[in-house]
1. Using the Cα centre of the range 44-167 as the reference point, and only Cβ charges (+1 on K/R, -1 on D/E), how large is the resulting charge dipole? Debye, rounded to the nearest 20.
2. Per the Kirkwood formula on distinct C-alpha pairs, the Rh of the range 127-237 is how many angstrom?
3. Where the only charges are on Cβ atoms (+1 Lys, Arg; -1 Asp, Glu), what is the dipole of the range 127-237 about its Cα centre, to the nearest 20 debye?
4. Ranked from highest to lowest mean number of other Cβ atoms within 10 Å per residue, what is the order of the peptides 214-224, 62-72, 192-202?
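Read-outs throughout are calculated quantities, based only on the coordinates presented, and are distinct from any laboratory measurement. What you are looking at is a predicted structure, and each value in this text was computed from that prediction instead of being measured. Glycine gets a Cβ as well: all are built from the backbone with ideal geometry, and neighbour counts include every protein chain shown.
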Amino acid sequence: MTLRWWACVVAGLASQVALGQTAPVAAPEYEDTEQVEAPPMAPDAPPELPQDAPTPRPYAGAVWTSGHWFWDGAEWRFKPGAWIAPMPGYQFINGYWRQEGDGYRWISSGWAKPGSTEVEFPLDVVSEEVETAQAPPPVQTEFQPPAPAPGTTWAPGYWYWSGNQYVWVEGTWVTPPQPGLVFVSPRWVQHGPSWTFVSGGWATPGSFRVVIPVYRHAGIAVRWGHPGYFLYSWHRYPMVHRYYGGRHDSPRYWRDRGPRNSHPASPVREHRRGGGRRHH
């Protein structure tokens, strides 16, 4: 076998490989799975929690959700605590930052079954207190498309104040995170010369008090100092945008079985720094 013979063999094999790489072949079939967004991450530990005493309880049974630090991509900011209506059959679990490798991952707050620390409905509660002296424009007339699926509810559009102008948030079909909940639309309430924004979301039947808030306006750009800055900073994360629009309608769970701070109405807060829990 001469050198020329070996050269021909190598050339023949190479041409077959090239043919195999360029010839059209059927693509393998994969199961269509829903993409799950990653929770927030931070490059270092959050600062010590400041004093964040609960404000006066707005109504009987209201649950205090503790404030926490959040990473806005450039620095740590503090989101104060807020009140939320109780969700029957659930207790509220406060979120915290857990060290993972060189960074910190946010373990979401939300509603869990009594005696469990496994959050079933991840959410974050914001006391927005958006107020302006400028009255909202008339509500826009919207085209309501057919319902995409049984059990969905039409959530009408509304105006939101960005700090210097009103921005229209379009209506959409929404799916309840749990059967039996009813949707409460956001609204503006006039108090003397000022207008105050009241967020919407999911409530128990016969009540207007929200147990699972929905922040459809979270993507509207606002600056630091605006009550909605936390929502704008974190609107890409599930706990802010989970319960409306497309594939975010169906609940998905963060399964974390580590120790959590749970309470029906407790002001206790926590975060983890360097792997250890700190209570305040």
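1. Details: 6 positive and 14 negative charges, 78 e Å.
My answer is approximately 380 debye.
2. Working: mean 1/r = 0.0666 Å⁻¹.
About 15.0 Å, per the Kirkwood formula over Cα pairs.
3. 140 debye
4. 62-72, 214-224, 192-202
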